[in-house]
Amino acid sequence: MERLTLPPGGAAAVDEYLEYRRTVGEDDGGKLFTPEEYEEYKKKVLPMRLQNRLFVSWRSPTGIDCKLVGPETPCFCTHRYKQHKTDFETIPQQRPIDLPCQVTGCRCKAYHYVPHNGTQPIRCTCKHFADQHNAALGFICNACFKCSGFRSCFTCGCGQPAYAHDTVVETLQDRLAQGKPVGQDVPYAAMGGLTGFSSLAEGYMRLDDSGVGAPSGEVLDSPVSAMDHPFLKALQMPSTSPQTLTDGNEVGPSTQISSLRRPDEDDMAYFERRYQERIKMEKAAAKKKGKAVVPPGTKPS
């Protein structure tokens, strides 16, 4: 294994380079600025960037930001968000706000997010991938003649199909008016919708201030109902008035936990264990009432 060693002060130089790259992005055209050019760039761009930041998200029709776009998030044209125009001296008045790709020769006129199924790209209804379609508005397929534009039936984790989502570009004021998080002001290029580490998670998994919003106290403190997940029902705290079955047997957390299948149980072992537990419960209930219990399928002696 090759071992990488840094000279004294090397780690600090790496940190400085990463800071430079996050701040400048693709604006240097691949050639590093001189220290003087870098300072001039920061004086010109950073105030504009902090004042006119744009937030980009892939939003479902229910209002959840299912994907918050960051610098490395790819566009339909296969180029990254950081390779699009993201800095404006004055925010455009037209809506939606178009963020054209700045890569030479690319025909992309507006950033458009395309989801992935895990690490795999999704297909259009014409069976071809997104990169087989034209990056120009309309997204006509280059591999067939029957496709009128990229449209995928892939279902997002929020339960809505991909074609029902929209790529949304918003200003700071737009986000605040909707009560959505805006994070802290940062000098870095093409931050898009990222406001924290949890912004990297999918929308339906974000239940804090970086996503759809934290649940209210009423939701968190509400009692567990029959509609909740079995895990919550199994681990709920015992109430002051115990729940009862129709035959009068009390049901507590231990009973609910035993009703869950164990990892090493097959079907027969699970049903046999539940049957024996049921017989034991009936015997205990009958003992309280002073009656003898006859297991199902047997004759009384």
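Quick notes
- Simple Cβ-charge dipole of the range 64-179, Lys/Arg +1 and Asp/Glu -1, about Cα centre, in debye nearest 20: 460
- Note that the range 76-89 has calculated 3J(HN,Hα) couplings of 4, 7, 6, 8, 6, 4, 5, 8, 9, 6, 10, 10, 10, 5 Hz, one per residue in order, obtained from phi through the Karplus relation 6.51 cos²θ - 1.76 cosθ + 1.60 (θ = phi - 60°); glycine and proline are x.
- Residue-count net charge about residue 72 - beta-carbon cut-off 11 Å; Lys, Arg +1, Asp, Glu -1: +2
- Long-range amide H partners of residue 67 with built H, under 5 Å: 58, 203
- Sequence ranges 187-197, 105-115, 133-143, ranked by mean other-Cβ count within 10 angstrom, highest first: 187-197, 105-115, 133-143
- Taking 26 Å as the limit for the C-alpha separation, the pairs 42/67; 67/146; 82/109 exceed it in the case of 42/67; 67/146.
- Radius 12 Å from Cβ of residue 9, net charge of other residues (Lys, Arg +1; Asp, Glu -1): -2
Values in this text are rule-based calculations from the coordinates and carry no lab data. Just so it is clear, the model here is predicted, and its values are computed rather than measured. All Cβ positions, even for glycine, are placed from backbone atoms using ideal geometry, and neighbour counts span all protein chains on display.
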